[in-house]
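Each remark here refers to the structure printed beneath this line.
The values are calculated or read from the model by the stated rules, or taken from the named source; none is laboratory data. Here the structure is a predicted model, which means the values were calculated and not measured. Positions of Cβ are generated from backbone atoms using ideal geometry, with glycine treated the same way; all protein chains shown enter the neighbour counts.
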Amino acid sequence: MSKPTQSTRKPVASGQIFRQIIRRDLRVAMRQRSDLLNPLIFLLIVITLFPLGVGPGPDILGRIAAGVIWVSALLSAMLGLERIFRDDFRDGALEQLMLLPVAVEFSVLAKIIVHWLLTAVPVLIITPLLALLLNLPIQAWGVLWLTLLIGTPILSAAGAIGVALTVSLNKGGALLSLLLLPLLVPLLIFATAAVEATLAGVSPAGPLALIGAFSVLSVTLAPFAVKAGLRVSVN
Amino acid sequence: MWQWLHPYAKPEATFHLVQKLLPWFLIPGLILSAVALIWGLAIAPPDYQQGESYRIIFVHVPAAMWSMGFYVAMAIAGLLALVWQIRTAELALLAIAPVGAVLTFISLFTGALWGQPMWGTWWVWDARLTAQLILLFLYMGVMALYIAFEDERAGAKAASILALVGVINIPIIHYSVYWWNTLHQQSTVTRAITRLEAPSIAPEMLYPLLVSIVAMMLVSAVLVMKRLNNEILRREIHRPWALTYLGIPVVQRNEE
């Protein structure tokens, strides 16, 4: 088969590249499964530590369950966050990604989506188990799950900003938490407020709507900040 | 519109402008600080409820006000640095950050000192205290990110981005913390605090407070300006203009 090699190439469509990045990143992640599993095990262990620390009384555990689950989710998210850009930065793929003839924001959004699929979805799957372990009253399970569903995109989006800024440094970890956790305070507040409202018999619609707004805001604006951050790091 | 800004992209021009403005901040700053302290600490009447210990307000309130104001100033410097690639704006951001962080710390520290005799505790999870603590973390993040980079320019750019992300987030953080505070059942201490702030302040106390607010701004601005100029000098030490300013004779290097 002799194919004409030049001048027949069509201009690349951004949608196509978007899908390619998602497919590639998912494949790469599937080849290093332990990277995915470790933050999840960390989350489980932290959850296990709480009853050991504050005592196994079901009433006190039920009262702090939502807060504990959210704080642990934040911490475990910090743990696996670097994966968004670190490997691509080391092997030079990130540089190629920024040279692609599509808007960098698009590629960044694809990477944020992949990160959400790989880190948040497993957490969503084991949430009922965590709620069970901490004795969260069953009427609040659905709302807790909803807060995680619409709140975790904020983690991936804000996390991408932090990683973009720190990826060229070798001491990312603790610095990353210092940068990101203060920015995530509203998320924690709204999420636990929604669960508490449910437990108090009030509609959680208000805090849920606020998380939703925060989520939309960060997912739409983060790619621009990530692009600026990557420009600094990749040089 | 930004025409007037461009000359100051040159560190030398900024240096001389700051040098020229410095006395206009320093002298009124010192005079007003003296006035505010003497007026506030000695002349203003004691509070009918809190006695003499309320006088810490003349340090606490200005510091708390400008801790927020300087964060916004820092973010504006970051915006100038990122959008117009003005290097002196990066230096301004780095000059502002520690001063703002210290103001935040002063407001927290004097708040604790004030809280101990008034509320009987050093710390309560009051909305204002919590928001201020988070502001301190934001300042620390900006400084830590800058320090972590080996390349100073890359560090300054990264810090600018973080300052901008932070300034978008500050109102959200602020309102969420207030909302969190009203949502949770408040301790009696917190409720007592919120009752205390209801009565408006007497004019004999208000005027020294206003003076102290202006004085704190001027003195902090002087610190920022000195830091900025020192940093410019440090970076430009090999340039002829810096050498002539410092009184070091410029050695003409001869190739022959």
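Could you list, in sequence order, the residues of the range A:190-200 that are facing another protein chain (nearest Cβ under 9 Å) and surrounded by 23 or more Cβ atoms within 10 Å (Cβ to Cβ)?
To start, the set of residues in the range A:190-200 that are facing another protein chain (nearest Cβ under 9 Å) comprises A:190, A:192-193, A:196-197.
If the condition is that a residue be facing another protein chain (nearest Cβ under 9 Å) and surrounded by 23 or more Cβ atoms within 10 Å (Cβ to Cβ), then A:Phe190, A:Thr192, A:Ala193 are the ones that fit.
Is it the case that A:Gly151 is surrounded by 24 or more Cβ atoms within 10 Å (Cβ to Cβ), more than 10 Å from chain B (Cβ to nearest Cβ) and in a helix (DSSP H, G or I)? So A:Gly151 fits the description; yes. Does B:Leu30 qualify as being surrounded by fewer than 16 Cβ atoms within 10 Å (Cβ to Cβ), modelled with pLDDT of 80 or more and within 23 Å of B:Trp241 (Cβ to Cβ)? No, not satisfied.
How many residues, within the range A:43-101, are more than 14 Å from the chain's Cα centre (by Cα), outside any helix (DSSP H, G or I) and at negative phi? Residues flagged as more than 14 Å from the chain's Cα centre (by Cα), outside any helix (DSSP H, G or I) and at negative phi within the range A:43-101 amount to 5.
Of everything in the range A:156-183 that's over 20 Å from A:Ala228 (Cβ atoms) and of a type outside the set (Gly, Ala, Ser), which residue is farthest from the other protein chains (Cβ to nearest Cβ)?
First, the residues of the range A:156-183 that are over 20 Å from A:Ala228 (Cβ atoms): A:170-171, A:173-174, A:177, A:181.
Those left that are additionally of a type outside the set (Gly, Ala, Ser): A:170-171, A:181.
Numbers: A:Asn170: 9, A:Lys171: 7, A:Leu181: 8 Å.
Looking at the filtered set, the residue picked out is A:Asn170.
A:Lys227 meets all of the listed conditions (1) assigned to a loop (DSSP other than H, G, I, E, B); (2) at pLDDT 90 or above but one, namely (1).
Give me the residue from the range B:31-89 that is without any contact (Cβ under 8 Å) to a residue 60 or more places away in the chain and of a type in the set (D, E, K, R) and, out of that set, farthest from A:Val232 (Cα to Cα). Out of the qualifying residues, it is B:Glu52.
In the set (1) under 18 Å from B:Ile106 (Cα atoms); (2) more than 14 Å from chain A (Cβ to nearest Cβ), the condition left unmet by B:Tyr71 is number (2). Screening B:Gly115 with (1) at pLDDT 90 or above; (2) surrounded by fewer than 21 Cβ atoms within 10 Å (Cβ to Cβ); (3) in contact with a Ser or Thr (Cβ under 7 Å, 6 or more places away or on another chain) gives one miss only, at (1).
Pick from A:Leu97, A:Leu44, A:Leu26, A:Leu36: which is buried (at least 17 other Cβ atoms within 10 Å of the Cβ), touching a residue at least 60 places away in the same chain (Cβ under 8 Å) and not hydroxyl-bearing (Ser, Thr, Tyr)?
Working: A:Leu44 fails: buried (at least 17 other Cβ atoms within 10 Å of the Cβ); A:Leu26 fails: buried (at least 17 other Cβ atoms within 10 Å of the Cβ); A:Leu36 fails: buried (at least 17 other Cβ atoms within 10 Å of the Cβ).
One residue alone meets the criteria, A:Leu97.
Please find, among B:Leu223, B:Leu135, B:Leu209, B:Leu218, the residue that is at pLDDT 80 or above, in a helix (DSSP H, G or I) and within 10 Å of chain A (Cβ to nearest Cβ). Break it down into steps so the answer makes sense when it comes.
On the way: B:Leu223 fails: within 10 Å of chain A (Cβ to nearest Cβ); B:Leu209 fails: within 10 Å of chain A (Cβ to nearest Cβ); B:Leu218 fails: within 10 Å of chain A (Cβ to nearest Cβ).
Among B:Leu223, B:Leu135, B:Leu209, B:Leu218, only B:Leu135 is at pLDDT 80 or above, in a helix (DSSP H, G or I) and within 10 Å of chain A (Cβ to nearest Cβ).
A:Ser203 meets the conditions (1) of a type outside the set (A, V, I, L, M); (2) more than 8 Å from every other protein chain (Cβ to nearest Cβ); (3) farther than 16 Å from B:Tyr175 by Cα; (4) part of a helix (DSSP H, G or I) in every case but one. The failed one is (4). If only one of B:Leu93, B:Leu103, B:Leu82, B:Leu108 is under 21 Å from B:Trp180 (Cβ atoms) and of a type in the set (A, V, I, L, M), which one is it? When all the criteria are applied, what remains is B:Leu108.
May I ask you to list the residues in the range B:156-165 that are more than 18 Å from A:Gly173 (Cβ to Cβ) and either among the small types (Gly, Ala, Ser) or more than 7 Å from chain A (Cβ to nearest Cβ) (or both)?
Initially, the range B:156-165 is screened for residues more than 18 Å from A:Gly173 (Cβ to Cβ), giving B:156-157, B:159-161, B:163-165.
Listed by number, the residues that qualify are B:Ala156, B:Ala159, B:Ser160, B:Ala163, B:Leu164.
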